[in-house]
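Here's the structure, in structure tokens; my notes come after.
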Amino acid sequence: MFVLCADQPGPAVLRSLLDAHPQLACPPETRLAAVCAQLTGVWSQLAGSPLPAERVSGPPAIPDAALAGIRHTMNRMMAPYLGRRGKQRYCDQSRGAVEQADVLRAVFPDAKFLCLYRHPLDVIASGLESTPWGLNGPGSDSYADLSSRNTVLAIAQFWAANVALIMAVEERFHECSLRVRYEDLLADPEGVGERIFRFLGVAPAPGLPQACLVAERERAGPSGYQTGHAARPGSTGGGWSIPAAMIGSPLTEAINLLTDKLGYPPIDAHWGVTAASSGPRWPGGASS
């Protein structure tokens with residue numbers, strides 16, 4: 001199982017939930033997706049079938065021998081970890097997994113994707129809070145370089161690009177993908193947690209989701225330190241203070257097309273001016 005997300009606190013919270021289940025193990029970030037992709041390229045080249053440098057339509061044509069070898073290598077790494085933890089199922093929340101979704105499904109035909117979303121302005125607020133000394137980190141560096149004087153715009157660009165990729169994966173692999181909104185997870189941890197566990201084929205664990213959002217759990221890994229504040233009930237809605245005008249019209253329109261599909265309120269002229277909506281959940285459609 002792979003978590004696809006364009007936000008940092010979101011996957012850290014979800015990782016705590018998954019890892020707390022008696023059958024699931026979700027370690028801190030491993031970069032497993034990047035390793036799979038690199039091995040796929042090298043193995044295919046050595047097998048005489050190098051992958052094209054540019055992405056073409058459809059999934060990459062990876063030799064069967066390469067897929068079997070990479071799967072065997074990954075399983076040899078995962079099995080001892082699962083054994084030490086006494087768990088049966090492996091979950092991964094590495095950044096960059098969305099770009100390698102086709103490779104991951106080829107290597108792991110039974111893999112499932114949890115597509116985790118959060119309102120873009122809340123993501124911007126969270127990003128500004130978690131990186132007060134400057135936007136940095138895998139995946140966001142290029143956006144920071146392009147908009148070095150406007151961090152709001154940089155994070156908005158990062159959100160729009162990654163959410164578009166995640167939604168494309170969700171559409172392409174709809175039979176093995178589940179949409180989860182971060183706001184719904186905090187507002188109804190029991191209900192959303194049960195839906196996630198059933199999707200993954202494990203028994204629900206009553207009381208576990210709520211406990212995960214308040215307990216002090218492991219914070220190792222690149223994004224683990226952000227779990228604490230982000231998971232507090234009522235911590236959503238911070239994006240109402242973000243000056244949305246700094247995003248600019250063309251990108252705002254593109255973002256609103258995505259938020260409309262996700263059931264989030266649009267960014268408009270009233271953003272941050274009128275009273276914010278009450279409660280921890282943004283208004284709009286529920287997770288599908």
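The values are calculated or read from the model by the stated rules, or taken from the named source; none is laboratory data. Being a predicted model, the structure only gives us computed values, none of them experimental. Cβ placement follows ideal geometry from the backbone for every residue including glycine, while neighbour counts extend to all protein chains displayed. We work out accessible area using only protein heavy atoms, side chains counted, and drop any ligands, DNA or RNA first. Shrake-Rupley method; radii C 1.70, N 1.55, O 1.52, S 1.80 Å.
Here are the numbers for this structure:
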| read-out | value |
| --- | --- |
| Pairs, first within 8 Å of residue 6 (Cβ to Cβ) in the stretch 148-168, second charged (D, E, K, R) and open to solvent by less than 50 Å² (accessible area, probe 1.4 Å), C-beta under 8 Å, six or more apart | 159/7 |
| 3 or more residues more than 23 Å from residue 171 (Cβ to Cβ) and open to solvent by less than 50 Å² (accessible area, probe 1.4 Å): qualifying helices (runs of 4 or more DSSP H) within the stretch 19-111 | 32-46, 64-85 |
| Matching helices (runs of 4 or more DSSP H) fully within the stretch 188-288 where at least 1 residues are open to solvent by 40 Å² or more (accessible area, probe 1.4 Å), within 23 Å of residue 125 (Cβ to Cβ) and at pLDDT below 85 | 208-214, 227-230 |
| Residues of the stretch 112-152 classified as under 30 Å from residue 66 (Cβ atoms), modelled with pLDDT of 70 or more and either hydroxyl-bearing (Ser, Thr, Tyr) or surrounded by 19 or more Cβ atoms within 10 Å (Cβ to Cβ) (or both), total | 4 |
